[in-house]
Amino acid sequence: MLTNVIDHLGEGTPVAIRVTDTPGGHTRIEVTDPDPRALPVLLSATGTAESGRGLALVDQLSLCWGVDQGADHKTVWCELADIGIENQSSRLPAGPPPATQAHRHITEKTQTTCE
């Protein structure tokens, strides 16, 4: 998400990064930048494309993600499942997430969490 800010708004753009725990036991990552107009777009990159995979990775690895827009900023966020301290040596799951844990892309202003 941070790379998208640099790629689309340029180096030196002021950015705030926040990592917090949610009441539901997830880890929430937020990246806030000063351009409310430059919204992220989920792309389907071709095999030879040199870009276009960042948000697809966020979409696949997170429980959900979204964008909160303000008048003079936006915050792109995602929530990750808590893997627990004992499992940190293996950060990626062995297989795809169960069908009951479908990924959700949330952009409505009224829903700003996975829950």
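Residue count for the stretch 17-42 under the criterion of being more than 14 Å from the chain's Cα centre (by Cα) and not charged (D, E, K, R): the result is 7. Here Thr3 meets each of (1) at pLDDT below 85; (2) at positive phi with one exception, condition (2). Taken together, the residues in the stretch 1-14 that are of a type in the set (A, V, I, L, M, F, W, C) and in a loop (DSSP other than H, G, I, E, B) amount to 1.
Total residues in the stretch 17-44 satisfying the condition of being surrounded by 13 or more Cβ atoms within 10 Å (Cβ to Cβ) and small (Gly, Ala, Ser): the figure is 2.
Remark: Leu55 falls outside the filter, which requires a residue to be without any contact (Cβ under 8 Å) to a residue 40 or more places away in the chain and either closer than 14 Å to His8 by Cα or part of a loop (DSSP other than H, G, I, E, B) (or both). Tell me, please, whether a residue that is touching a helix residue (DSSP H, G or I) at 6+ places or on another chain (Cβ under 6 Å) and at pLDDT 90 or above can be found in the stretch 14-29. Within the stretch 14-29 (the criterion being touching a helix residue (DSSP H, G or I) at 6+ places or on another chain (Cβ under 6 Å) and at pLDDT 90 or above), the answer is yes, since at least one residue qualifies.
Just give me the residues in the stretch 15-48 being part of a loop (DSSP other than H, G, I, E, B) and farther than 16 Å from Gln69 by Cα, in sequence order. Within the stretch 15-48, Thr22, Pro23, Gly24, Gly25, His26, Leu42, Leu43, Ser44, Ala45, Thr46, Gly47, Thr48 meet the criteria.
The values are calculated or read from the model by the stated rules, or taken from the named source; none is laboratory data. Just so it is clear, the structure is predicted and the values come from calculations on it, not from any experiment. All Cβ positions, even for glycine, are placed from backbone atoms using ideal geometry, and neighbour counts span all protein chains on display.
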